[in-house]
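Report on the following structure.
The values are calculated or read from the model by the stated rules, or taken from the named source; none is laboratory data. Everything numeric in this text was worked out from a predicted model, so none of it was measured. We place every Cβ from the backbone using ideal geometry, glycine too, and count neighbours over all the protein chains shown. For accessibility, only protein heavy atoms count, side chains too; no ligands or nucleic acids. Shrake-Rupley method; radii C 1.70, N 1.55, O 1.52, S 1.80 Å.
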Amino acid sequence: MISTLIRTWPLWVLLAGFYIPVFLTMYQDTLSGSFSEAADSAWSALPLFFSTALLALVAAFFATLIGGIDALVFSAFRQPRGAFLWLLPGLLITFTTPPAAIASAIQATIGSSLLLAGTSDELGAVLLLTLRWAPVAFLLLSGLSLTIPLAQEQALRTLPPKAALKLRWQMQKPWRRSCLLLLFLLMLPATEIPSYTGVESVGRRIMARLTIGDGLSGWWLAAGLILLVFPWVIRLLPKGLWLGRSFQAPATVGLPATKWVSLWWIPRLLPVAVFLGVLIFTAWPQASQFERAVAEFLEAIWAGFRELPRVLLIVAIGFLSCWALALNRRRKSLLMWCLPTFLPGSLVGLSLATTVRPWIPIALDHTPLLLSLAQVTQFGSLAVITALLSVWMIPETEMKAALQLPPGFTRWKILLPRSLPVLLPGAILGMLLIMGEVQSTLLLAPPGHPSPALELHQLLHFRNDEQAARLALAMVVISTLWTLFFTTLIRRRGVTGEE
Amino acid sequence: MKNWLWIILFVTGCQGQNDPVVTIYCAHDRAHAEQILDLFEKESGIRVEAIYDTEASKTVGLAERLRAEKDRPRCDVHWSNEPLRSVRLANEGIYRTLPEDFAPGIDAKWRDPQNRWCGFAGRVRALALDPQSPAGKNPPTSVRDLVNEQWRDKVTLADPRLGTTGTHMAILKWSWGEADFTAWLQGLKENGIRIAASNSATRDRVITGEVWIGLTDTDDIEVVRRRGIDLGEGFTEGDGVILLPNVVGLIEGSPHPEEAEALARWLLSPRVEEMLAASSSRQVPLGKGTKVGPGGLDLNSLGNVMTIDWSAAAETLPGAIKDVERALLDR
């Protein structure tokens with residue numbers, strides 16, 4: 001009994017943080033709500049499911065396309081000198097900075113017209129979603145391009161650059177398809193970005209239902225979302241043996257060098273440079289307020305760092321759980337970890353606050369225990385993707401040898417270090433996302449708990465643009481530091497035993 | 001095992017403090033509310049732990065948090081920036097009755113008949129007008145006018161389900177009746193109304209000239225005017241000017257009831273109303289004899305202020321929200 005409990009620990013976190021509170025709240029809302037009204041409401045929202053899916057699909061297509069080209073240019077050529085200092089942080093900034101800061105920067109300089117892209121609200125939403133998710137496509141596709149077997153990679157490097165590029169693009173095709181599907185699924189529950197452009201989405205409709213106390217309708221809509229997502233997630237999760245595909249050293253030997261690479265990176269990073277310029281310009285204080293502004297900026301950075309230990313613990317639990325499941329090929333359990341990501345965070349936050357909070361000791365009420373639990377489950381999909389990639393990265397021979405060992409600590413001791421080159425960047429990305437998380441934070445954070453992201457939203461809500469820009473800049477600094485940290489880690493640890 | 005227990009006890013023990021403390025959930029502008037709460041802290045010696053609200057389109061707001069925490073409240077005082085959701089919270093048993101002697105200067109029409117909440121310092125629903133456009137020269141005086149052909153594609157409003165815009169919709173439905181209200185929504189839809197993310201985004205679309213008229217709050221307009229931006233302001237006197245007070249409610253079963261009363265009493269004082277009236281949010285004081293400085297808005301100067309049955313209007317809120325969804329947001 002006890003050994004079963006210990007063996008299934010990755011699922012207990014998930015059950016306590018998501019499934020049990022969600023089912024209990026759903027049950028309570030079903031008892032108190034009107035079944036026919038909820039059904040009617042869900043039925044009338046059917047066209048909304050289609051329009052949300054279309055929006056997500058178009059944005060996922062463009063994000064995958066941009067991310068795919070980024071990954072191709074990144075992996076097929078030698079990059080300019082010192083590129084790791086600016087290229088990766090630059091490419092990731094639109095994902096690691098809260099969308100509120102980006103939307104606000106656009107609004108502060110050009111006005112909301114750009115958010116609407118001048119012609120239609122949907123186009124603005126597609127542009128913003130593409131800008132946000134292209135870095136994820138880049139990371140995924142770059143990660144997958146590292147799984148090209150060593151011999152194949154070396155052969156590619158001997159080909160003429162144009163032919164090699166064409167071949168790499170073709171090799172990327174199945175991954176692009178999976179990436180498109182994944183981004184589509186991740187964009188489906190989006191609420192924040194569509195809200196900036198005035199576009200209605202299923203996620204926003206769920207929020208609206210909750211704000212009028214019509215929980216049952218909210219749950220029906222959420223169930224619709226899960227029904228839409230579920231078959232695709234099953235399709236995405238790999239079947240069969242998940243054997244390693246020999247992680248490549250990121251050495252540049254044999255890669256062609258061309259000055260044309262900059263022709264892609266310059267226009268690609270131009271929006272990022274403009275965004276940073278706007279932030280700095282908006283945040284720059286008048287002479288009389290300089291001292292106060294510097295103090296605000298430093299305080300924001302400090303608040304971000306104060307959150308680090310908690311955030312580190314959250315990603316450690318989530319990512320290690322999923323890694324352990326991926327290693328043991330627990331497909332159904334991984335599927336269970338994925339699902340919480342596809343529901344708006346507010347639903348999970350409300351469920352935990354309603355059902356679990358009354359049971360926890362009052363002394364723990366001042367700790368961010370429930371918030372942490374919600375966030376562990378909320379980024380389940382990211383943990384699953386990272387875990388799968390990190391298992392794939394382990395060289396096949398090493399994986400086969402390790403599988404001969406009994407499951408448990410000994411096996412972990414051998415395999416975990418081999419997965420770290422992928423687990424660490426994924427975990428750092430997770431940390432940055434948790435620090436930018438707002439939905440559960442507003443509902444579960446104890447009073448006085450630092451949350452720069454929530455503060456940023458509050459400042460933007462009331463148009464305190466200067467203060468908000470300082471806070472956003474502090475968050476950019478934190479995310480850049482972390483990106484640089486993981487870039488260094490990859491550069492140092494990315495060498496496999498096959499070399 | 002024992003060591004772990006000690007660590008847990010130490011960590012949780014560190015949280016406990018003996019100073020008097022009060023927790024407030026606040027939906028008012030953080031910049032202004034913080035000043036008021038800091039002053040209270042300084043003068044009363046009671047530490048204030050505040051959680052501020054954010055935009056409801058990204059997350060459900062603090063009202064939902066109060067609902068979720070009903071069985072074991074964490075909050076002592078709720079400072080809401082509109083009354084209808086407070087009425088609903090009061091009806092759900094989340095607010096307790098206020099002491100009898102609270103805010104004697106505030107008229108009965110701004111407070112709950114059962115004395116579970118009390119309004120203070122309000123904002124007016126207003127039209128932000130592009131001064132260079134025809135709307136700036138000849139502004140509409142009723143929201144009914146917004147369906148006229150001359151304003152086609154030139155009107156915007158914030159997500160009509162949320163915040164004060166949602167409240168405005170519920171009040172219109174209560175005031176006009178369902179048939180008139182849904183016909184008006186249909187007229188807006190046919191006239192190409194645009195939906196913005198928030199009241200401030202609504203105002204910004206007027207500033208950029210993308211639209212001529214934005215349905216928003218007076219504080220959103222005033223905050224940019226004080227930065228030197230030329231923006232017109234109009235009240236909908238034809239419908240009756242809609243004034244939405246801030247609301248204070250005390251939470252039933254809250255952990256610090258005495259401190260909560262002290263803070264609520266402070267918030268409902270004429271001094272706080274005067275501070276809010278003088279701030280860039282330009283709130284309208286509701287207390288008798290409260291002074292309004294130059295440039296401020298006086299209750300008596302607003303003209304035909306609509307008298308609202310808050311309880312009845314709150315009843316229409318869910319229905320009004322579903323109506324606007326069907327008419328304006330479903331595609």
Q.
For the condition assigned to a helix (DSSP H, G or I) and at pLDDT below 80, what is the one hit in A:L459, A:L433, A:L473?
A. A:L459
Q) In the stretch B:184-210, which residues are of a type in the set (G, A, S), in a helix (DSSP H, G or I) and farther than 9 Å from B:V147 by Cα? A) B:S200, B:A201
Q) Under 9 Å by Cβ, and 6 or more places apart or on different chains, what pairs join a residue from the stretch B:34-49 that is in the same structural domain as B:S279 (by TED's automatic domain parsing) and among the basic types (K, R) with one that is open to solvent by less than 50 Å² (accessible area, probe 1.4 Å) and outside any helix (DSSP H, G or I)? A) B:R47/B:V21; B:R47/B:V22
Q: Would you check if A:T441 is crowded, with 19+ Cβ neighbours inside 10 Å and either under 30 Å from A:T211 (Cα atoms) or modelled with pLDDT of 85 or more (or both)?
A: yes
Q: Evaluate the following for A:S372: is it within 24 Å of A:T191 (Cα to Cα), at pLDDT 85 or above, outside any loop (DSSP other than H, G, I, E, B) and within 14 Å of chain B (Cβ to nearest Cβ)?
A: yes
(Q) Tell me the residue from B:D204, B:D219 that is within 14 Å of another protein chain (Cβ to nearest Cβ), within 30 Å of B:D112 (Cα to Cα) and at pLDDT below 90, please. (A) B:D219
Q) Condition test on A:R268, is it out of contact with any Asp or Glu (no Cβ under 6 Å at 6 or more places or on another chain), of a type in the set (D, E, K, R) and at pLDDT 85 or above? A) yes
Q.
For the stretch B:202-223, give me each residue that is touching a Leu at 6+ places or on another chain (Cβ under 8 Å) and open to solvent by less than 10 Å² (accessible area, probe 1.4 Å).
A. B:T202, B:R203, B:V206, B:I213, B:G214, B:L215, B:T216, B:D217, B:T218, B:I221
Q) Here are some conditions: (1) away from chain B (no Cβ under 14 Å); (2) open to solvent by less than 10 Å² (accessible area, probe 1.4 Å). A:P425 meets all but one. Which one does it not meet? A) (2)
Q: Return yes when A:R357 is away from chain B (no Cβ under 14 Å) and among the charged types (D, E, K, R) and no when it is not.
A: no
Q) Taking the condition at pLDDT below 95, part of a helix (DSSP H, G or I) and basic (K, R), does B:R88 pass? A) yes
**Q.** Hits in the stretch A:1-33 (condition: assigned to a loop (DSSP other than H, G, I, E, B) and in contact with a helix residue (DSSP H, G or I) (Cβ under 7 Å, 6 or more places away or on another chain))
**A.** A:G33
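Could you pull out the residue among B:E274, B:E259 that is farther than 30 Å from B:L185 by Cα, open to solvent by 30 Å² or more (accessible area, probe 1.4 Å), within 14 Å of chain A (Cβ to nearest Cβ) and assigned to a helix (DSSP H, G or I)?
After applying the criteria, what remains is B:E259.
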Q | Selected residue (only one of A:I301, A:I266, A:I314, A:I280 is part of a helix (DSSP H, G or I) and under 22 Å from A:S419 (Cβ atoms)) | A | A:I314
Q: Can you tell me which residue among A:L31, A:L54, A:L48, A:L5 is under 30 Å from A:P407 (Cβ atoms) and either aliphatic (A, V, I, L, M) or over 27 Å from the mean Cα position of the chain (by Cα) (or both)?
A: A:L5
Q. Of all residues in the stretch A:461-474 being open to solvent by 20 Å² or more (accessible area, probe 1.4 Å) and not charged (D, E, K, R), which is farthest from the other protein chains (Cβ to nearest Cβ)?
A. A:L473
Q) If we scan the stretch B:52-68, do we find a residue that is more than 23 Å from B:I321 (Cα to Cα), outside the structural domain of B:I193 (by TED's automatic domain parsing) and buried (at least 22 other Cβ atoms within 10 Å of the Cβ)? A) yes
Q. Before we move on, is A:L146 away from chain B (no Cβ under 14 Å), closer than 30 Å to A:T258 by Cβ and surrounded by 22 or more Cβ atoms within 10 Å (Cβ to Cβ)?
A. yes
Q) Of the residues in the stretch B:282-296, how many are buried (at least 19 other Cβ atoms within 10 Å of the Cβ) and touching a residue at least 60 places away in the same chain (Cβ under 8 Å)? A) 7
Q. For A:S419, which of the numbered conditions (1) touching a helix residue (DSSP H, G or I) at 6+ places or on another chain (Cβ under 9 Å); (2) surrounded by fewer than 24 Cβ atoms within 10 Å (Cβ to Cβ); (3) in contact (Cβ under 8 Å) with a residue 12 or more places away in the chain fails to hold?
A. (2)
(Q) Looking at the stretch B:49-80 only, could you name the residues that are of a type in the set (S, T, N, Q) and either on the phi > 0 side of the Ramachandran plot or at pLDDT 90 or above (or both)? (A) B:S80
Q) For the stretch B:102-134, how many residues meet the condition of being assigned to a strand (DSSP E or B), touching a Phe, Trp or Tyr at 6+ places or on another chain (Cβ under 9 Å) and either open to solvent by 10 Å² or more (accessible area, probe 1.4 Å) or under 18 Å from B:L297 (Cβ atoms) (or both)? A) 10
Q) Taking the stretch A:37-64, which residues are within 14 Å of another protein chain (Cβ to nearest Cβ), among the polar types (S, T, N, Q) and open to solvent by less than 20 Å² (accessible area, probe 1.4 Å)? A) A:S41, A:T52
Q) Can we say A:S217 is at pLDDT below 80, open to solvent by less than 50 Å² (accessible area, probe 1.4 Å) and not β-branched (V, I, T)? A) no
Q) open to solvent by 10 Å² or more (accessible area, probe 1.4 Å), modelled with pLDDT of 85 or more, of a type in the set (S, T, Y) and more than 24 Å from A:A134 (Cα to Cα) - does that describe any residue in the stretch A:346-353? A) no
Q. Would you pick out the residues in the stretch B:176-201 that are open to solvent by 20 Å² or more (accessible area, probe 1.4 Å) and away from chain A (no Cβ under 14 Å)?
A. B:W176, B:G177, B:E178, B:A179, B:D180, B:T182, B:A183, B:Q186, B:E190
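Kindly indicate whether any position in the stretch B:247-260 is of a type in the set (V, I, T), within 25 Å of B:W79 (Cα to Cα), in contact (Cβ under 8 Å) with a residue 40 or more places away in the chain and touching a Cys at 6+ places or on another chain (Cβ under 6 Å).
Yes, that holds for at least one residue.
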